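Reviewing the structure listed below.
The values are calculated or read from the model by the stated rules, or taken from the named source; none is laboratory data. Note that the coordinates shown come from a computational prediction; the quantities given were computed from them, not determined experimentally. Glycine also receives a Cβ, built like all others from the backbone with ideal geometry; neighbour counts cover every protein chain displayed.
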Ligand SMILES: Cc1cc2nc3c(=O)[nH]c(=O)nc-3n(C[C@H](O)[C@H](O)[C@H](O)COP(=O)(O)O)c2cc1C
């Protein structure tokens, strides 16, 4: 079981791939920007586009801490096309991929993605002189897809040219605004740093829903989101009366029967701007499907908070998504 990567490689050989064939295939996938990296708990080798390579020179294997796969990430990130820098004085790892930067500090759950503060559920740690970092967090923030195979204890990190292209479209194109499709379903979301946006767009696609982004009148800056400080987001969350305003919505909510509402978890619940949205519209008799993204927490008390605000709506159980959520997972949640 521990040698699944080797077995997979042998299988390729049995199926008739010559070494030259593999090399040609690797060159082709790199040329198209496709990357697939397989990592397995306890296995010091990774498979990159079908080619087995060591994770580091010391033979370090990935381990699991609190359900998170941790490993020395330098080689993995470099195979993804990124760069890793280590500052021993500040015990900080800085990772770059394209325009994106992630900063992680040993023994701290505070992470910074493009200077926006985010919360890790497992702090980076040094074990036997090796810096062990959470690979899922890094890969997802760099917009790679990450899948976990429990039976094989294997993490698969992928980015295809197609996905990369879709992501760059998502990043640069304003969210599609609704009203034209005739759908009864509407996805409404607030996203400060883009994670919830990516989940919202997948849900809209699977549900055949229109989609609307709740855009704050006063945008949240990185400083506003730096929850290690007395930041605007923290102050709003602590203030029962805070109702941040959003830009006018060009949508007739009464046209929709089912509203999917998405948000990041802020201090265990939804950001106050979501309260503003829910209190602005009459959602009686609607079906409400709450979903969130978070640094690790569940959907928390937000679902009961929505039920309190919308007592005459049918508020279904919520779902915590990640940017690698699959269509099947979304379909399963919708069918519940
Ligand atoms: C003010 C603030 C508070 C947060 N509180 C939590 C929390 O309680 N639990 C958690 O897991 N993540 C927390 N996070 C992390 C976000 O939920 C997480 O990064 C989310 O995926 C961001 O979504 P977005 O990119 O759509 O804004 C917090 C982030 C901020 C800015």
(request) Test residue 273 against the criterion of being under 13 Å from residue 213 (Cα atoms), surrounded by 17 or more Cβ atoms within 10 Å (Cβ to Cβ) and more than 16 Å from the ligand (Cβ to nearest atom), and give yes or no. (result) no
(message) Can you tell me how many residues within region 128-152 are over 15 Å from the mean Cα position of the chain (by Cα), assigned to a strand (DSSP E or B) and in contact (Cβ under 8 Å) with a residue 40 or more places away in the chain?
(response) 4
(message) Could you list, ordered by first residue, the pairs with Cβ atoms under 8 Å in which the first is in region 70-87 and under 12 Å from residue 60 (Cα atoms) and the second is assigned to a helix (DSSP H, G or I), at least 6 apart or interchain?
(response) 70/135; 71/135; 73/135; 73/138
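Residue-wise test of (1) closer than 21 Å to residue 202 by Cα; (2) within 16 Å of the ligand (Cβ to nearest atom); (3) part of a loop (DSSP other than H, G, I, E, B).
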position	(1), (2), (3)
220	no, yes, yes
223	no, yes, yes
229	no, yes, yes
237	no, yes, no
242	no, yes, yes
261	yes, yes, no
291	yes, yes, no
295	yes, yes, yes
332	yes, no, no
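Residue by residue, here is whether (1) out of contact with any helix residue (DSSP H, G or I) (no Cβ under 6 Å at 6 or more places or on another chain); (2) modelled with pLDDT of 90 or more; (3) within 16 Å of the ligand (Cβ to nearest atom) holds:
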| site | (1), (2), (3) |
| --- | --- |
| 122 | yes, no, yes |
| 130 | yes, no, no |
| 135 | yes, yes, no |
| 143 | no, no, yes |
| 150 | yes, no, no |
| 182 | yes, no, no |
| 190 | no, yes, yes |
| 193 | yes, yes, yes |
| 197 | yes, yes, yes |
